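> Take this structure, written in structure tokens, and hold onto it; I'll ask about it next.
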Ligand SMILES: [Zn+2]
Ligand SMILES: [Zn+2]
């Protein structure tokens, strides 16, 4: 599987429209190392059509940047705008291209999407992931995670049945219970969301781990590789902030190759 990041920002995007901080202004230069779109990844399998995870309001731009033409398999972690804002446009495309299209998420997330965009069901088949699902040799299982003051999201865990490879995509989480942390052990790769380097406010009032908290979690979970995504304008990716070698910021151009 090849994993491509198509967006690595928090809910606002970088630059934030109203902001002129150092990182936002850098994102407005020609180099724009810190220019980031709303979080999503695309997964290339061997023979199966690619999977796209989360369809935020930047989806159209991300498709053009990636030189992609159509998404048939759309997976959604939770029904917040930065993860589903592009679905009406995806639906329009499905209608015009007229190929079978599938939307996968937890049943309660599918219900929330139906309520928000009821017309989507007329063209897209909804598939609940609560009992797991298999794409080629990859089995996906999902679990509910705390999203703090923003409610809940889901983590997606992929397991390769022959090679025993495990990896997780969990863009929005904080203050996980012991039970919610179980799927995060023994990973070859962890892709996890964070927004700020160090937040001064108590966890109960926030919605994502900060970088320092993630580093504490990682020393417990011990994943082999980590990519940090969902990065706000607080994070300047030109600076390593003394991250350990196996922890890196998600980058658009280099896919992560598993197998
Ligand atoms: Zn988010
Ligand atoms: Zn800013």
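Values in this text are rule-based calculations from the coordinates and carry no lab data. Note that the structure is a prediction, hence the values are computed from the model and not measured. Every residue, glycine among them, receives a Cβ derived from its backbone with ideal geometry; neighbour counts consider all protein chains shown.
> Alpha carbon centre of the range 105-125 versus the range 3-74: separation in Å?
23 Å
> If a/c stays under 1.5 just call it rounded; otherwise compare a/b with b/c (prolate if a/b is bigger, oblate if not). Do that for the range 120-195, with a ≥ b ≥ c from the square roots of the Cα gyration tensor eigenvalues.
oblate
> Now a separate question. Stick to Cα atoms and the Kirkwood definition of Rh, then tell me Rg/Rh for the chain.
Result: Rg/Rh = 0.94.
> Here's another thing I want to ask about it. Taking the simple approach of a point 7 Å from Cα along Cα-to-Cβ for both residue 243 and residue 186, what is their distance in nm?
2.7 nm
> Right, something else. Just the number, please: percent antiparallel of the DSSP beta bridges in the chain, rounded to the nearest 5.
Looking only at bridges with both residues in the chain, the antiparallel portion is about 55 percent.
> A follow-up question, please. Using only alpha carbon pairs under 8 Å that are at least six residues apart, calculate the relative contact order of the chain and give it in whole percent.
Reported as a whole number, the value is 18 percent.
> While we're looking at this one, here's another question. Consider a paramagnetic label point 7 Å from the Cα of residue 252 along Cα→Cβ; state which residues of the range 54-77 have an amide N under 20 Å from it.
54-71
> Rounded to the nearest 0.05, what FRET efficiency is calculated for residue 99 and residue 162 with R0 set to 35 Å and r the Cβ-Cβ distance?
For R0 = 35 Å, the calculated efficiency reads 0.75.
> Same structure, new question: If a/c stays under 1.5 just call it rounded; otherwise compare a/b with b/c (prolate if a/b is bigger, oblate if not). Do that for the range 110-152, with a ≥ b ≥ c from the square roots of the Cα gyration tensor eigenvalues.
oblate
> Points 7 angstrom from Cα along the Cβ direction at residue 116 and residue 216: gap in nanometres?
With each label placed 7 Å out from Cα toward Cβ, I get 3.1 nm.
> Contact order normalised by length for the range 69-185, with contacts defined as Cα pairs under 8 Å and 6 or more residues apart; what percent is it?
With pairs under 8 Å counted, the relative contact order is 19 percent.
> Shifting gears a bit: Work out the FRET efficiency for residue 204 and residue 25 from their Cβ-Cβ distance, taking R0 = 25 Å, and round it to the nearest 0.05.
0.15
> How much length is gained on full extension from residue 152 to residue 65, taking 0.36 nm per residue of separation minus their Cα-Cα distance?
Extra length from residue 152 to residue 65 when fully extended: 28.3 nm.
> Tell me, 114, 198 in order of fewest to most beta-carbon neighbours within 10 Å?
198, 114
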